[in-house]
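The values are calculated or read from the model by the stated rules, or taken from the named source; none is laboratory data. Just so we're clear, the structure is a prediction, and the values are computed from it rather than from any experiment. Cβ: placed from backbone, ideal geometry, glycine included. Neighbour counts: every protein chain shown.
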Amino acid sequence: MISLLAPVGLAALAAWLVPLLLHWVRRSDRQIVLFAAMRYLREQTHPRERLRLHEPWLLLLRLLLIAALALALAVPILRGQGAPSAPWVLVAPGVTAVAAHAAVREPLAEWHWLAPGLPPLDASLPRAESSASLSSLLRQADLELPPRAAVTLVVPEELGGLDAERVRLAHAFTWRVLPGASPSFTVDGRADQRVGTESGSRTTAPLTLAVRADAAGEAELPLVRALAAAWQVEGLNLQWDSSGPDAALPATSAWLIWLAGPLPPGIDAWVRRGGTVLASRQTAQDAGEVVLSDALGAPVLRERQLGRGRVLSLAGSLRLGERPGVTAAQSEPGSAARNASLSAADFPHTLLVLMRGPPLAPDRAAAAAVAPLATGHAPLGPAQFLLPYLALGVASLLLAERLLATRRKVGA
């Protein structure tokens, strides 16, 4: 099959007009000679000659030469079906190598993981590689595999990393479904920290909830514990980590409740890597979009994006009721309406939805229902450039054109 890499090069065929116009004009060899007796001759009109093409073989050579040059500019390539090759077996993450060998009897096959670069099956599969989109890996393997290879794809029965539609492949895949499930990972290879959210039919790993409080923030801890208890009732699997504001954050934490006044600069880097922080007693009222208001319309909670993470800022403190020894006149303005918002029955659920952020797009399904579809076009072999053959043809046409043009001139 011949295809063109730069079809715009065929625009050079417009140069055909030049030799056509040159060969259309008649070149007369007659010359007019004036002599004295011509004045006695009566002037006669000569019949007009019909326009016709001159030297058609030379014209044909020149047209073929221009066509060859235009085809060379279009960079033609030739792709065939390729030679038969050994069968391939690709194993998707979620299926062990032992289970794949037991299910597929192909002793002479090439065994590889369905991961970037198609690493051998006997090599360990890094966690970052197993987090790649399965649909993208299938399309990439379809391009890189030998054209006429028989491919068996071993996948777990619960498959993740899918697109909105079934994959269409040029190779004929044998779809083998084994017990298991694809691991749940985010795009950067870390385990999905939005715990409690549904990712297909499975939930993700436990979440470490880090709480950092100063002396004034310790009065807010009872409400934080109440919120955590309400979240656990909703199915959130939490691991509690509470300490002072100077303590380091756990490596696995993705949520932080900051009860120590303004956020220090060191928290920014943690948030930009994908963390979510709920901070109380924030004075920057214009930072972020209002996501929760009290009964009077005053903002209670604001949200702003910071790198890959988010910051939820409370205008006041996470505390219900008045502080001991503080009268109503000395309390913060609007504290009554804010306390009503914090004590609302749906506040824990509302805050949990905000902490989770936008839900993940569903990317999991039963493997038996998402087997690849055939495109109906057999994969083509490696491309072979035809420029060397065209160069030889152009040189031959140019030589023939020069020989014919020179012979015509010598004969004339």
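Of all the numbered requirements in (1) modelled with pLDDT of 70 or more; (2) closer than 30 Å to Glu157 by Cα; (3) among the aliphatic types (A, V, I, L, M), Ala405 misses one, and that requirement is (2).
All conditions but one from (1) closer than 16 Å to Ala109 by Cβ; (2) assigned to a helix (DSSP H, G or I); (3) at pLDDT below 85 apply to Glu129; the one that does not is (1). If I filter segment 249-263 for residues that are in contact (Cβ under 8 Å) with a residue 40 or more places away in the chain, more than 19 Å from Leu352 (Cα to Cα) and out of contact with any strand residue (DSSP E or B) (no Cβ under 7 Å at 6 or more places or on another chain), do I get at least one hit? Looking for residues that are in contact (Cβ under 8 Å) with a residue 40 or more places away in the chain, more than 19 Å from Leu352 (Cα to Cα) and out of contact with any strand residue (DSSP E or B) (no Cβ under 7 Å at 6 or more places or on another chain), one finds at least one in segment 249-263, hence yes.
Selection of segment 97-126 for residues being out of contact with any Pro (no Cβ under 9 Å at 6 or more places or on another chain) and small (Gly, Ala, Ser) yields Ala97, Ala100, Ala102, Ala103, Gly117, Ala123, Ser124.
Residue-by-condition table, conditions (1) touching a helix residue (DSSP H, G or I) at 6+ places or on another chain (Cβ under 7 Å); (2) aromatic (Phe, Trp, Tyr); (3) not in a strand (DSSP E or B):
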{"residue": "Ala228", "(1), (2), (3)": "no, no, yes"}
{"residue": "Trp255", "(1), (2), (3)": "yes, yes, no"}
{"residue": "Leu263", "(1), (2), (3)": "no, no, yes"}
{"residue": "Ile267", "(1), (2), (3)": "no, no, yes"}
{"residue": "Leu278", "(1), (2), (3)": "yes, no, no"}
{"residue": "Arg281", "(1), (2), (3)": "no, no, yes"}
{"residue": "Ala295", "(1), (2), (3)": "yes, no, yes"}
{"residue": "Arg302", "(1), (2), (3)": "no, no, no"}
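Considering only residues of segment 187-204 that are under 22 Å from Ile267 (Cα atoms) and surrounded by 15 or more Cβ atoms within 10 Å (Cβ to Cβ), which is modelled with the highest pLDDT? Step by step, filter segment 187-204, then rank; the result is Asp192. Looking across Leu169, Leu223, Leu227, Leu207, one residue alone is modelled with pLDDT under 85 and not charged (D, E, K, R). It is Leu207. Inspection of segment 330-340 identifies no residue that is more than 30 Å from Pro179 (Cα to Cα), modelled with pLDDT of 85 or more and surrounded by 14 or more Cβ atoms within 10 Å (Cβ to Cβ). Counting just the residues of segment 233-243 that are surrounded by 13 or more Cβ atoms within 10 Å (Cβ to Cβ) and at pLDDT 85 or above, which one comes out farthest from Leu263 (Cα to Cα)? The extreme case among them is Asp241.
When Asp363 is tested against (1) of a type in the set (D, E, K, R); (2) part of a helix (DSSP H, G or I); (3) at pLDDT below 80, exactly one condition is not met: (2).
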